[in-house]
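Enquirer: Here you go, one structure.
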Amino acid sequence: MSSERTNSRSSPKALAGRLARAVLLVLSLALVAWAFARVGVREIFRSEAMGGKTELVVMHWSGDGGPAEDAIVDRALARFEEANPTIHVTRLNPGDAGSFYTKLQTMMAAGDPPDVFYVGAERLAAYADAGLLLSLDELSTSSSTAGDFKLQDFYPSTVDAFRFEDGQVGSGSLWGIPKDFTTVGFYYNRDLLERAGVPEPSSDWTWDDFIDSARAVGSLPDCTGAEFVSWASMVRAVLWTEGVDLIDAEGNIRADDPRVIEVLDRIRSWRHDEERTLTSGRSETANPASRFLGGKLGFAGPFGRWVVPTYRTIEDFQWDYAPLPRGETSANMIATVAWSISSRTEHPEEAWQLVSWLTGATTQAEQAELGLAVPTNRTVAEGDSFIDPATPPSRDRDFIDPVDYARVVPWSTNPALEGTVAKRLDQALRTGDLPVKEALVKASDWWNVERTSPLASPSLPGMPWLWIVGVFIIGLLIALAIGWWMLRRNRPDPAQMVEERSGWLLVSPWVIGFLIFMAVPILLSLALSVTRWSGITTLDEADFVGLANYSQLLGHDDVFWRSLEVTAVYALLAVPIGQIVALIGAVLMNVKVRGVSFFRAAWYLPSILAGVGMAVLFRWVFNAENGLMNVMLDPVLSPLGLEPPDWFVRDAEAFGAPAFAIMSLWLVGGSMMIYLAGLQNVPRSLYEAAEIDRAGPVRRFFSVTLPMISPVILFNVIMSLIGSFQVFTQAFVMTGGGPGDHTRFYVLYLYNQAFDFYEMGYASAMAWLLLLIILGLTMLTLRGSARMVHYEGLR
């Protein structure tokens, strides 16, 4: 017997198999070694290729400027390298501003930010307060400054936009050099104004002039007077023209100021109390500026210069620009972006040399020709590079003249303030589902709770990472020791040892990957849930708050409970309806007819399509004015004296979550295929026995089919339940959680906290609460289904 086994092991076939396995093992190990070596050697080769040069990493976006702006920056950097041969510049351009900030914050958190990068004025307070930027006060007088850079030639208000100290924007240390800026106003359709018989607005026009012109245009057939955006910064600029502000000097929201309420209510009435004076709040167009392109809109704004490259493609009508109308006084806001230097740069002198080059007169003159913004250098802005009456808009001076009284809109170092104010203003002014007074009170109450939260304390102890790492290592060693002891105690025989060793070897890539990329981040998330950490600084900056994140969530955060309610309503609708539709689809697809494979593929295909594309599609399907859903519902509801809902605007509180549940039916293909596999495993003999007992199709379905596939149903229900608490992409793309918080799903709110409000510790606490919620619901589902699931169908 032993000789036979020896012969089988030494047979040519066995030897070939062993050789093949050995070759595969060697190739796998070589591939892994090459991957790690390539990463390590790449840095060595890169350093050698630098030839001793100083490397600066620069990151920017191109945004509305597109490839043209990208090319301008690239040419400026090439000229800089030519003029400074000892410096090499590595340029990063993630694309749009959103992608830029996501990448920038990740690099900052990793402790490896770029040396030089864009910073919008709206983010200056948060970044400077977190210590992420290098002060430029001393460097601005350095001898390494570019020859065509003179800070005294800049418009003072644009430079002051990047001064910050003691929580106040506009004074103190300088943290960035503005590369360009824009004031805001209204773009207007000259042809429509002529048809309406109203003159073009002057540079000193008033709000009365604006609304009279908008009403005149709105009286034309198929035309609307104006698009008036309700963005928080724009609304504050409008309030400035009336001599008031939404936020006082102490940072309080003026919820009881009658003048503030009067101005805001006037804007609200223009939209909701008048016909076609302003665009309808029911429209869900992602970019309000794009409505102007259709030629049916008299005015669009308040917008800055950033829309000019897009508007210059207009060929069907003549257009131009007028500054923000005045009320009791003339006022305007400045939107601007600066080149800033990281506080972690190893080459501050060289970085400043580059910043001064990129904001010098030569580079600004080249960027001015793009028309995207106004140069911050006064000489360039008032020269031929920017002033060009022959190219629309012809009134370039109207962007420059208000700079003498314009200022940047100051916001708190807590970015959640701007987001919450914007949310409430949107409800009051655009959708109209909240009265102005109530919207302001809600924002003010939230802000008062936010500022008095224990998490807002400036003096918190640092996170004891050294102790945590030590406990983790000790726990890991204890776990390894216990595992080794159990292995020695239950030591298998040699044959079993070989099998176990082979098994562990086979699963080791997954185990190692799980421990490094899953287990460690999960444990780190648990540790972060007891910290206050912004996610834009390194982990050593995290503060220990104990259970304050959890107490704030459960006891004081109304948005948390609202997001949980929205998600729960969605789950109650989407899970049962989706499973019923998937099961019905599976029954239909189980019919053996020619071409059924095509229909199976058609059912399944939508479930693998990109979520963003699907969200954009259904945004138009649920459009309240001309969407497919309301076009189908209108003939049915009109005879009953009803009208289709305004899904994501005025009726979002009642119909927002149901709309997403309807949308989820598009994705039932995956569950349908699992049900189909279960149906095809039901023994035919059971159906034959039921037919002998004269059971009809319905009886057979409920008495045979459902019991036999009950384990499959349980699996699909649990997976669907888990998925329903993880809705993000659709809400993020379609509504952003609005209006208010009517479509703010749990995971979307978690994302807002982590990446919009820089509260990564708070978001980690939310993630662990979500884990407990899903775990509890899963356990309840398993326990409640114990008597209804028949596992005999799997045997």
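Enquirer: Counting just the residues of segment 26-51 that are assigned to a helix (DSSP H, G or I) and among the small types (Gly, Ala, Ser), which one comes out modelled with the highest pLDDT?
Expert: Among those that are assigned to a helix (DSSP H, G or I) and among the small types (Gly, Ala, Ser), it is ALA30.
Enquirer: Another question, then. Search segment 509-558 for residues being outside any helix (DSSP H, G or I) and hydrophobic (A, V, I, L, M, F, W, C), and hand back the single one that is surrounded by the most Cβ atoms within 10 Å (Cβ to Cβ).
Expert: Only one residue tops the list, namely TRP533.
Enquirer: Moving to a separate point now. I need the full set of residues from segment 173-195 which are more than 27 Å from the chain's Cα centre (by Cα) and among the hydroxyl-bearing types (Ser, Thr, Tyr), in order please.
Expert: The answer is SER173, TYR187, TYR188.
Enquirer: VAL471 - would you say it is of a type in the set (Val, Ile, Thr), more than 30 Å from GLY656 (Cα to Cα) and in a helix (DSSP H, G or I)?
Expert: Considered against the rule, which asks whether it is of a type in the set (Val, Ile, Thr), more than 30 Å from GLY656 (Cα to Cα) and in a helix (DSSP H, G or I), VAL471 comes out as yes.
Enquirer: May I ask you to say which residue of GLY301, GLY251, GLY281, GLY295 is at positive phi, crowded, with 22+ Cβ neighbours inside 10 Å and in the same structural domain as CYS223 (by TED's automatic domain parsing)?
Expert: Matching residue, one of GLY301, GLY251, GLY281, GLY295: GLY301.
Enquirer: Given the criteria assigned by TED's automatic domain parsing to the domain that holds GLY419, buried (at least 22 other Cβ atoms within 10 Å of the Cβ) and either at pLDDT 95 or above or assigned to a loop (DSSP other than H, G, I, E, B) (or both), does LEU192 qualify?
Expert: Yes: the conditions hold for LEU192.
Enquirer: Are any residues in segment 75-94 within 22 Å of PHE181 (Cβ to Cβ) and surrounded by fewer than 15 Cβ atoms within 10 Å (Cβ to Cβ), and if so, which ones?
Expert: Matches in segment 75-94: ARG75 only.
Enquirer: Would you pick out the residues in segment 135-163 that are buried (at least 20 other Cβ atoms within 10 Å of the Cβ), part of a loop (DSSP other than H, G, I, E, B) and in contact with a strand residue (DSSP E or B) (Cβ under 9 Å, 6 or more places away or on another chain)?
Expert: Answer for segment 135-163, where residues must be buried (at least 20 other Cβ atoms within 10 Å of the Cβ), part of a loop (DSSP other than H, G, I, E, B) and in contact with a strand residue (DSSP E or B) (Cβ under 9 Å, 6 or more places away or on another chain): LEU136, PHE149, TYR155, ALA161, PHE162.
Enquirer: Quick one: is LEU772 out of contact with any helix residue (DSSP H, G or I) (no Cβ under 8 Å at 6 or more places or on another chain), at negative phi, modelled with pLDDT under 95 and not β-branched (Val, Ile, Thr)?
Expert: No, not satisfied.
Matching residues to (1) under 21 Å from PRO67 (Cβ atoms); (2) surrounded by fewer than 19 Cβ atoms within 10 Å (Cβ to Cβ):
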residue: ARG344; (1), (2): no, yes
residue: HIS347; (1), (2): no, yes
residue: GLY360; (1), (2): no, no
residue: GLN367; (1), (2): yes, no
residue: ALA373; (1), (2): yes, no
residue: THR379; (1), (2): no, yes
residue: ASP384; (1), (2): no, yes
residue: PRO392; (1), (2): no, no
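Enquirer: Being surrounded by fewer than 18 Cβ atoms within 10 Å (Cβ to Cβ), more than 29 Å from VAL73 (Cα to Cα), within 33 Å of the chain's Cα centre (by Cα) and not small (Gly, Ala, Ser) is true for just one of LYS437, LYS423. Which residue is that?
Expert: Checking each option against the conditions leaves just LYS437.
Enquirer: Additional query: SER330 is checked against (1) under 24 Å from VAL409 (Cβ atoms); (2) outside any loop (DSSP other than H, G, I, E, B) and fails just one. What number does that condition carry?
Expert: (2)
Enquirer: If you scan segment 364-408, which residues turn out to be in contact with a strand residue (DSSP E or B) (Cβ under 8 Å, 6 or more places away or on another chain) and of a type in the set (A, V, I, L, M)?
Expert: ALA365, ALA368, LEU372, ALA373, VAL374, ALA381, ILE400, VAL403, ALA406, VAL408
Enquirer: Against the definition (crowded, with 17+ Cβ neighbours inside 10 Å and of a type outside the set (Val, Ile, Thr)), how does ASP166 come out, yes or no?
Expert: no
The values are calculated or read from the model by the stated rules, or taken from the named source; none is laboratory data. Since the model is a prediction, treat every value here as computed from it, not as a measurement. As a convention, Cβ positions derive from the backbone with ideal geometry for all residues, glycine included, and neighbour counts pool all protein chains shown.
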